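Report on one structure; see the data block that follows.
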Amino acid sequence: MPGLDGACFTLGTAATKAIAKLIYSFDVMVDTDREELITTGSPNVTLSDPNRGFVVGNPLSVQLPVTSTVVHKSPKPEDWMHIGPYIWMFSQGNLRTSTFSYSLSQSDQTIAVERNQMNDAWALSEDRLFGFEIAGAEFGKTMFRGQATSTHPPLTGLLPSVGLNQPVDFKLNIGYAIPAYECWAVPTP
């Protein structure tokens, strides 16, 4: 049954899911499905001794520019009753708490990050209105986008292999922390 995450369909399962949606919601506030979330430029390869060229024993370094673009994700319709009173949280300040960190290496690396590690690196702008328009008047909340370019260090000490057109293998490692909302409905008498 769609929406039950692989569970067998029963009325009890459906009722549990419906009750859970009435009292709880969670989602990230940044759209992580966007193609422009992480984009790379062309690698910049530098030889230790440019006079020797690409030969065995002449190490090279690689720099790869990376741009992160974060955009507020619109709340899902089933979360509107929970997040509605808190829609103000989709702010420039909240988006600035996003952190993206990168490294280049020859093997996989885990990058530990926390929010608020690059607040001043983001260039922010308005993205769109989350709401509606009636007779030319807009009602809703402005959503924002931010962009930052990474200044991670180059990968150095790479030794080219013997032969023509040999690849230089490296990995781009990514760590990120982004804002999210978690809402509980608390009945009050």
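Read-outs throughout are calculated quantities, based only on the coordinates presented, and are distinct from any laboratory measurement. Keep in mind that this is a model prediction, so the values were computed, not measured. Cβ: placed from backbone, ideal geometry, glycine included. Neighbour counts: every protein chain shown.
The magnitude of the dipole of region 82-153, with charges of +1 and -1 set on the Cβ of Lys/Arg and Asp/Glu and taken from the Cα centre, is near 80 debye.
Here's the picture: charge each Lys and Arg Cβ at +1 and each Asp and Glu Cβ at -1 in the chain, and of Pro59, Ile38, Ala14 the one pushed furthest to the positive end of that dipole is Pro59. For the chain, the 222 nm mean residue ellipticity estimated from helices alone, with every DSSP H stretch of n ≥ 4 adding -39500 (n - 2.57) and the total spread over all residues, rounds to -3000 deg cm²/dmol. The HN-Hα couplings worked out from phi for region 147-160 by the Karplus form 6.51 cos²θ - 1.76 cosθ + 1.60 (θ = phi - 60°) are 9, 8, 9, 6, 10, 5, x, x, 8, 10, x, 6, 10, x Hz, whole numbers, x standing for Gly and Pro. Here the residues Met118, Met89, ranked from fewest to most Cβ neighbours within 10 Å of their Cβ, fall in the order Met89, Met118. Stokes-Einstein diffusion of region 77-189 at 37 °C, 0.692 mPa s viscosity, Kirkwood radius from Cα pairs, rounded to a whole number: 182 µm²/s.
Neighbour counts of other Cβ atoms within 10 Å put His72, His152, His82 in the fewest-to-most order His152, His82, His72.
With the convex hull of its Cα atoms as the shape, region 67-119 has an orientation-averaged projected area of 5.3 nm². Quick one: plug the Kirkwood hydrodynamic radius of the chain (C-alpha pairs) into Stokes-Einstein at 20 °C, 1.002 mPa s, and report D in µm²/s. Reported coefficient: 105 µm²/s.
Computed from Cα atoms, the angle from the helix 11-23 axis to the main principal axis of the chain rounds to 80 degrees. Computed as a quarter of the hull surface, the mean projected area of the alpha carbon convex hull for region 1-101 stands at 11.6 nm². Within region 31-99, report the chymotrypsin sites (Phe, Trp or Tyr not before Pro) that DSSP leaves as loop and that have at most 14 other Cβ atoms within 10 Å. Listed in order of number, the matching sites are Phe54. Dipole magnitude for the chain: about 140 debye, using +1 per Lys or Arg Cβ and -1 per Asp or Glu Cβ, origin at the Cα centre.
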